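The values are calculated or read from the model by the stated rules, or taken from the named source; none is laboratory data. In this text the structure is predicted, and so the values were computed from the model without any measurement. Reconstructed Cβ throughout: ideal geometry from the backbone, glycine too, with neighbour counts over all protein chains shown. We work out accessible area using only protein heavy atoms, side chains counted, and drop any ligands, DNA or RNA first. Shrake-Rupley method; radii C 1.70, N 1.55, O 1.52, S 1.80 Å.
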Amino acid sequence: SETSGGRPWRRQATALPWDSVISFDAATVLLQWATGGMLFCWFTTRRRIASIGYGWLLRGVYFCFAAGSLAAGFAFGVVPLREAASIGVMLGCALALVVSVRRRGAGVSGALAEHDRRSERVAAMTGIERAVDTPDRAAGEPVGPEFAPILDLVPVAIGVIGLLAAAVDAGGNTWVAIARTLVGAAFIGALSDAMLLGHWYLTQPGLPRVLLNELVGVLAWLWPLQVLVMLLPTGMIAVLTGSVDDGWGGMLGWMWLLCAVTTIILIFVTKAALRERYYSAVMAATGLLYLAILTGFGMDVVPRAILADV
(Lines give C-alpha, C1' and ligand atoms only; values in the text may rest on other atoms or scores of the structure.)
Protein backbone atom coordinates (compact mmCIF):
# COMPACT_ATOMS: atom_id res chain seq x y z
CA SER A 1 0.00 0.00 0.00
CA GLU A 2 1.20 3.47 -0.85
CA THR A 3 -1.20 5.27 1.47
CA SER A 4 -3.12 4.80 4.67
CA GLY A 5 -6.79 3.96 4.73
CA GLY A 6 -8.58 7.29 4.36
CA ARG A 7 -6.08 9.14 2.16
CA PRO A 8 -6.03 9.75 -1.58
CA TRP A 9 -4.75 6.96 -3.82
CA ARG A 10 -7.50 4.83 -2.25
CA ARG A 11 -9.65 2.46 -4.29
CA GLN A 12 -13.33 2.96 -3.45
CA ALA A 13 -16.11 0.41 -3.64
CA THR A 14 -18.10 1.44 -6.72
CA ALA A 15 -19.14 -0.09 -9.99
CA LEU A 16 -17.73 2.74 -12.08
CA PRO A 17 -14.25 1.95 -13.46
CA TRP A 18 -13.11 5.59 -13.26
CA ASP A 19 -14.03 5.79 -9.56
CA SER A 20 -12.35 2.51 -8.72
CA VAL A 21 -9.06 4.38 -8.43
CA ILE A 22 -9.45 7.97 -7.25
CA SER A 23 -7.19 11.00 -7.09
CA PHE A 24 -3.54 10.76 -6.06
CA ASP A 25 -1.94 12.14 -2.91
CA ALA A 26 -1.21 15.55 -4.38
CA ALA A 27 0.72 16.78 -1.35
CA THR A 28 3.35 14.05 -1.59
CA VAL A 29 3.64 14.27 -5.37
CA LEU A 30 4.13 18.05 -5.30
CA LEU A 31 6.70 17.76 -2.53
CA GLN A 32 8.49 15.10 -4.59
CA TRP A 33 8.49 17.45 -7.56
CA ALA A 34 9.83 20.39 -5.54
CA THR A 35 12.54 18.31 -3.82
CA GLY A 36 13.74 16.53 -6.95
CA GLY A 37 13.58 19.75 -8.96
CA MET A 38 15.78 21.61 -6.47
CA LEU A 39 18.24 18.71 -6.40
CA PHE A 40 18.83 19.05 -10.12
CA CYS A 41 18.75 22.83 -9.91
CA TRP A 42 21.89 22.43 -7.80
CA PHE A 43 23.20 19.77 -10.20
CA THR A 44 23.14 22.32 -13.02
CA THR A 45 23.98 25.55 -11.19
CA ARG A 46 26.97 24.00 -9.44
CA ARG A 47 28.91 24.35 -12.69
CA ARG A 48 28.35 28.13 -12.71
CA ILE A 49 27.71 28.19 -16.45
CA ALA A 50 23.95 28.80 -16.74
CA SER A 51 23.14 32.47 -16.22
CA ILE A 52 21.84 33.62 -12.87
CA GLY A 53 18.25 33.89 -14.10
CA TYR A 54 18.00 30.12 -14.60
CA GLY A 55 18.43 29.57 -10.87
CA TRP A 56 15.84 32.30 -10.18
CA LEU A 57 13.36 30.53 -12.45
CA LEU A 58 13.75 27.13 -10.81
CA ARG A 59 13.68 28.42 -7.24
CA GLY A 60 10.51 30.35 -7.98
CA VAL A 61 8.84 27.37 -9.66
CA TYR A 62 9.63 24.93 -6.89
CA PHE A 63 8.69 27.42 -4.19
CA CYS A 64 5.22 27.36 -5.77
CA PHE A 65 5.20 23.56 -5.92
CA ALA A 66 6.09 23.34 -2.23
CA ALA A 67 3.30 25.84 -1.46
CA GLY A 68 0.92 23.66 -3.47
CA SER A 69 2.04 20.63 -1.48
CA LEU A 70 1.26 22.44 1.77
CA ALA A 71 -2.19 23.47 0.55
CA ALA A 72 -2.98 19.95 -0.71
CA GLY A 73 -1.87 18.45 2.58
CA PHE A 74 -4.25 20.60 4.58
CA ALA A 75 -7.03 19.95 2.05
CA PHE A 76 -6.74 16.16 1.73
CA GLY A 77 -5.11 14.92 4.93
CA VAL A 78 -2.34 16.28 7.10
CA VAL A 79 0.95 14.48 7.67
CA PRO A 80 2.52 16.92 10.15
CA LEU A 81 6.17 16.33 9.31
CA ARG A 82 5.49 16.41 5.58
CA GLU A 83 3.62 19.70 5.86
CA ALA A 84 6.39 21.15 8.05
CA ALA A 85 8.89 20.05 5.40
CA SER A 86 6.85 21.79 2.70
CA ILE A 87 7.17 25.02 4.67
CA GLY A 88 10.89 24.36 5.06
CA VAL A 89 11.29 23.81 1.30
CA MET A 90 9.50 27.09 0.64
CA LEU A 91 11.79 28.93 3.06
CA GLY A 92 14.88 27.21 1.61
CA CYS A 93 13.94 28.19 -1.95
CA ALA A 94 13.18 31.75 -0.82
CA LEU A 95 16.49 32.00 1.03
CA ALA A 96 18.51 30.82 -1.97
CA LEU A 97 16.58 33.18 -4.25
CA VAL A 98 17.14 36.21 -2.00
CA VAL A 99 20.86 35.47 -1.62
CA SER A 100 21.20 34.98 -5.38
CA VAL A 101 19.48 38.29 -6.11
CA ARG A 102 21.62 40.14 -3.57
CA ARG A 103 24.82 38.69 -5.08
CA ARG A 104 23.81 39.13 -8.70
CA GLY A 105 26.54 41.73 -9.20
CA ALA A 106 29.17 39.01 -8.95
CA GLY A 107 27.66 37.28 -11.96
CA VAL A 108 28.29 33.63 -12.73
CA SER A 109 31.96 32.72 -12.90
CA GLY A 110 31.66 29.95 -15.48
CA ALA A 111 29.49 32.02 -17.80
CA LEU A 112 31.90 34.96 -17.55
CA ALA A 113 34.86 32.72 -18.30
CA GLU A 114 33.03 31.22 -21.29
CA HIS A 115 32.24 34.74 -22.56
CA ASP A 116 35.89 35.76 -22.27
CA ARG A 117 37.06 32.58 -24.00
CA ARG A 118 34.75 33.19 -26.94
CA SER A 119 35.72 36.86 -27.08
CA GLU A 120 39.39 35.93 -27.30
CA ARG A 121 38.61 33.40 -30.01
CA VAL A 122 36.70 35.98 -32.06
CA ALA A 123 39.51 38.49 -31.57
CA ALA A 124 42.11 35.94 -32.68
CA MET A 125 40.16 35.05 -35.83
CA THR A 126 38.99 38.51 -36.88
CA GLY A 127 41.18 40.99 -35.07
CA ILE A 128 38.02 42.59 -33.64
CA GLU A 129 38.17 43.12 -29.90
CA ARG A 130 34.97 42.54 -27.91
CA ALA A 131 34.43 44.47 -24.71
CA VAL A 132 33.68 42.70 -21.46
CA ASP A 133 29.95 43.04 -20.82
CA THR A 134 30.14 43.16 -17.02
CA PRO A 135 30.53 46.81 -15.91
CA ASP A 136 31.67 46.00 -12.37
CA ARG A 137 34.37 43.68 -13.62
CA ALA A 138 35.48 46.05 -16.33
CA ALA A 139 35.84 48.89 -13.84
CA GLY A 140 37.89 46.68 -11.55
CA GLU A 141 35.51 47.25 -8.68
CA PRO A 142 34.93 44.52 -6.07
CA VAL A 143 31.65 42.78 -6.67
CA GLY A 144 31.47 40.68 -3.54
CA PRO A 145 31.10 36.91 -3.19
CA GLU A 146 29.33 34.85 -5.82
CA PHE A 147 26.18 32.88 -5.03
CA ALA A 148 27.02 29.53 -3.41
CA PRO A 149 25.12 26.71 -5.19
CA ILE A 150 25.22 24.63 -2.00
CA LEU A 151 22.28 26.75 -0.80
CA ASP A 152 20.10 24.96 -3.35
CA LEU A 153 20.60 21.75 -1.39
CA VAL A 154 19.01 23.19 1.75
CA PRO A 155 15.42 22.70 0.48
CA VAL A 156 16.44 19.29 -0.85
CA ALA A 157 17.56 18.10 2.59
CA ILE A 158 14.37 19.41 4.19
CA GLY A 159 12.19 17.93 1.46
CA VAL A 160 13.74 14.48 1.86
CA ILE A 161 12.73 14.48 5.53
CA GLY A 162 9.16 15.27 4.55
CA LEU A 163 9.14 12.58 1.86
CA LEU A 164 10.39 9.99 4.34
CA ALA A 165 7.56 10.95 6.68
CA ALA A 166 5.03 10.66 3.85
CA ALA A 167 6.38 7.23 2.86
CA VAL A 168 6.21 5.92 6.43
CA ASP A 169 2.69 7.30 6.82
CA ALA A 170 1.65 5.51 3.63
CA GLY A 171 1.71 2.12 5.35
CA GLY A 172 2.50 -1.20 3.71
CA ASN A 173 6.12 -2.12 3.10
CA THR A 174 7.95 0.94 4.42
CA TRP A 175 11.19 0.35 2.54
CA VAL A 176 9.40 -0.10 -0.76
CA ALA A 177 7.36 3.05 -0.14
CA ILE A 178 10.54 5.01 0.69
CA ALA A 179 12.32 3.74 -2.42
CA ARG A 180 9.39 4.62 -4.67
CA THR A 181 9.02 8.07 -3.14
CA LEU A 182 12.68 9.09 -3.31
CA VAL A 183 13.45 7.59 -6.72
CA GLY A 184 10.26 9.12 -8.09
CA ALA A 185 11.29 12.52 -6.73
CA ALA A 186 14.66 12.34 -8.46
CA PHE A 187 13.18 11.07 -11.73
CA ILE A 188 10.42 13.68 -11.99
CA GLY A 189 12.79 16.44 -10.87
CA ALA A 190 15.42 15.57 -13.48
CA LEU A 191 12.80 15.40 -16.24
CA SER A 192 11.32 18.77 -15.32
CA ASP A 193 14.68 20.51 -15.01
CA ALA A 194 15.89 19.10 -18.32
CA MET A 195 12.83 20.48 -20.09
CA LEU A 196 13.20 23.90 -18.40
CA LEU A 197 16.92 23.96 -19.19
CA GLY A 198 16.15 23.24 -22.84
CA HIS A 199 13.96 26.34 -22.90
CA TRP A 200 16.68 28.37 -21.20
CA TYR A 201 18.83 28.03 -24.32
CA LEU A 202 16.42 30.53 -25.93
CA THR A 203 17.46 33.04 -23.27
CA GLN A 204 21.13 32.09 -23.26
CA PRO A 205 21.89 30.83 -26.79
CA GLY A 206 25.61 30.37 -26.15
CA LEU A 207 25.02 28.02 -23.24
CA PRO A 208 27.15 24.88 -23.71
CA ARG A 209 25.20 21.71 -24.38
CA VAL A 210 27.13 19.85 -21.72
CA LEU A 211 24.57 20.92 -19.11
CA LEU A 212 21.62 19.45 -20.99
CA ASN A 213 23.62 16.38 -21.95
CA GLU A 214 24.40 15.77 -18.29
CA LEU A 215 20.74 15.92 -17.26
CA VAL A 216 19.66 13.61 -20.07
CA GLY A 217 22.45 11.23 -19.06
CA VAL A 218 21.17 11.23 -15.48
CA LEU A 219 17.68 10.40 -16.77
CA ALA A 220 19.07 7.38 -18.60
CA TRP A 221 20.49 6.12 -15.29
CA LEU A 222 17.39 6.93 -13.25
CA TRP A 223 14.96 5.24 -15.65
CA PRO A 224 15.88 1.63 -14.71
CA LEU A 225 15.70 2.55 -11.02
CA GLN A 226 12.24 4.01 -11.53
CA VAL A 227 11.10 0.82 -13.26
CA LEU A 228 12.73 -1.39 -10.64
CA VAL A 229 11.06 0.24 -7.62
CA MET A 230 7.68 -0.16 -9.27
CA LEU A 231 8.35 -3.86 -9.86
CA LEU A 232 9.22 -4.55 -6.21
CA PRO A 233 6.52 -6.69 -4.58
CA THR A 234 3.74 -6.01 -4.47
CA GLY A 235 4.33 -4.24 -7.76
CA MET A 236 3.49 -3.95 -11.41
CA ILE A 237 4.39 -7.55 -12.22
CA ALA A 238 1.34 -8.59 -10.18
CA VAL A 239 -0.77 -6.13 -12.15
CA LEU A 240 0.52 -7.33 -15.52
CA THR A 241 -0.07 -10.99 -14.61
CA GLY A 242 -3.57 -10.25 -13.32
CA SER A 243 -2.87 -11.03 -9.66
CA VAL A 244 -3.85 -7.46 -8.82
CA ASP A 245 -6.96 -5.97 -10.40
CA ASP A 246 -6.37 -2.45 -11.69
CA GLY A 247 -10.10 -1.82 -12.07
CA TRP A 248 -9.78 -1.44 -15.85
CA GLY A 249 -9.37 -5.04 -16.94
CA GLY A 250 -5.59 -4.82 -16.95
CA MET A 251 -5.44 -1.76 -19.22
CA LEU A 252 -3.70 0.48 -16.67
CA GLY A 253 -0.91 -2.04 -16.23
CA TRP A 254 -0.23 -2.04 -19.95
CA MET A 255 -0.49 1.75 -19.96
CA TRP A 256 2.28 1.89 -17.37
CA LEU A 257 4.42 -0.46 -19.45
CA LEU A 258 3.83 1.71 -22.53
CA CYS A 259 4.81 4.82 -20.57
CA ALA A 260 8.00 3.15 -19.38
CA VAL A 261 9.06 1.98 -22.85
CA THR A 262 8.14 5.30 -24.47
CA THR A 263 10.07 7.28 -21.85
CA ILE A 264 13.36 5.47 -22.40
CA ILE A 265 12.94 5.73 -26.17
CA LEU A 266 12.39 9.49 -25.84
CA ILE A 267 15.47 9.79 -23.63
CA PHE A 268 17.70 8.07 -26.18
CA VAL A 269 16.19 10.02 -29.09
CA THR A 270 16.88 13.20 -27.12
CA LYS A 271 20.51 12.15 -26.65
CA ALA A 272 20.74 11.52 -30.39
CA ALA A 273 19.23 14.93 -31.18
CA LEU A 274 21.78 16.68 -28.98
CA ARG A 275 24.61 15.17 -31.02
CA GLU A 276 23.52 17.28 -34.01
CA ARG A 277 25.49 20.50 -34.42
CA TYR A 278 22.58 22.76 -35.37
CA TYR A 279 20.98 24.98 -32.74
CA SER A 280 17.55 23.64 -33.72
CA ALA A 281 18.62 20.30 -32.26
CA VAL A 282 18.35 21.78 -28.76
CA MET A 283 14.78 22.88 -29.46
CA ALA A 284 13.97 19.43 -30.83
CA ALA A 285 15.42 17.88 -27.68
CA THR A 286 13.28 20.20 -25.56
CA GLY A 287 10.14 19.11 -27.40
CA LEU A 288 11.03 15.47 -26.85
CA LEU A 289 11.52 16.17 -23.14
CA TYR A 290 8.03 17.67 -23.04
CA LEU A 291 6.68 14.30 -24.14
CA ALA A 292 8.99 12.48 -21.74
CA ILE A 293 7.51 14.44 -18.81
CA LEU A 294 4.05 13.12 -19.68
CA THR A 295 5.15 9.51 -20.03
CA GLY A 296 7.57 9.73 -17.08
CA PHE A 297 4.85 11.13 -14.87
CA GLY A 298 2.69 8.17 -15.91
CA MET A 299 5.49 5.83 -14.82
CA ASP A 300 5.22 7.25 -11.29
CA VAL A 301 1.52 8.03 -10.91
CA VAL A 302 -0.17 5.03 -12.54
CA PRO A 303 1.45 2.36 -10.31
CA ARG A 304 0.63 4.28 -7.17
CA ALA A 305 -3.00 4.50 -8.15
CA ILE A 306 -3.24 0.80 -8.97
CA LEU A 307 -1.35 -0.43 -5.92
CA ALA A 308 -3.05 1.89 -3.42
CA ASP A 309 -4.86 -0.83 -1.48
CA VAL A 310 -2.59 -3.77 -2.21
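Side notes on the structure shown:
Each row is one residue, and each column tells you yes or no for (1) more than 16 Å from the chain's Cα centre (by Cα); (2) of a type outside the set (A, V, I, L, M).
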{"site": "A50", "(1), (2)": "yes, no"}
{"site": "F63", "(1), (2)": "no, yes"}
{"site": "F76", "(1), (2)": "yes, yes"}
{"site": "G92", "(1), (2)": "yes, yes"}
{"site": "A96", "(1), (2)": "yes, no"}
{"site": "R103", "(1), (2)": "yes, yes"}
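- First in the range 258-278 and on the phi < 0 side of the Ramachandran plot, second anywhere and surrounded by 18 or more Cβ atoms within 10 Å (Cβ to Cβ) and among the aromatic types (F, W, Y), Cβ under 8 Å, 6 or more apart: A260/W223; T263/W223; I264/W223; I267/W223
- Scanning the range 212-233 for residues that are more than 20 Å from W42 (Cβ to Cβ) and open to solvent by less than 40 Å² (accessible area, probe 1.4 Å), we see that the one that is nearest to the chain's Cα centre (by Cα) is Q226.
- Among the residues of the range 151-180, those identified as at pLDDT 95 or above and not small (G, A, S) are L151, D152, L153, V154, P155, V156, I158, V160, I161, L163, L164.
- If you go through the range 46-83 and keep only what is open to solvent by 50 Å² or more (accessible area, probe 1.4 Å) and either more than 20 Å from G105 (Cα to Cα) or not in a helix (DSSP H, G or I) (or both), you end up with R46, R47, F63, C64, F65, A71, F74, A75, F76, V78, P80, L81.
- Test: residue in the range 15-34 that is over 21 Å from V301 (Cα atoms), at pLDDT below 95, open to solvent by 10 Å² or more (accessible area, probe 1.4 Å) and over 11 Å from the mean Cα position of the chain (by Cα): yes
- If you go through the range 158-184 and keep only what is under 16 Å from the mean Cα position of the chain (by Cα) and within 14 Å of V79 (Cβ to Cβ), you end up with G159, L163, T181.
- In the set V301, V244, only one residue is buried (at least 16 other Cβ atoms within 10 Å of the Cβ), touching a residue at least 24 places away in the same chain (Cβ under 8 Å) and not in a helix (DSSP H, G or I); that residue is V244.
- Test result for Y290, open to solvent by 40 Å² or more (accessible area, probe 1.4 Å) and more than 24 Å from C41 (Cα to Cα): no
- Selected residue (only one of A238, A292, A281, A285 is free of Cβ contacts under 8 Å to residues at least 40 places away in the same chain, assigned to a helix (DSSP H, G or I) and out of contact with any His (no Cβ under 8 Å at 6 or more places or on another chain)): A281
- Checking each residue in the range 84-110 for being open to solvent by 60 Å² or more (accessible area, probe 1.4 Å) and part of a helix (DSSP H, G or I) picks out I87, L91, L95, V98, R102, R104.
- Count of the range 247-275 residues, restricted to those that are among the β-branched types (V, I, T), surrounded by 17 or more Cβ atoms within 10 Å (Cβ to Cβ) and more than 18 Å from the chain's Cα centre (by Cα), is 1.
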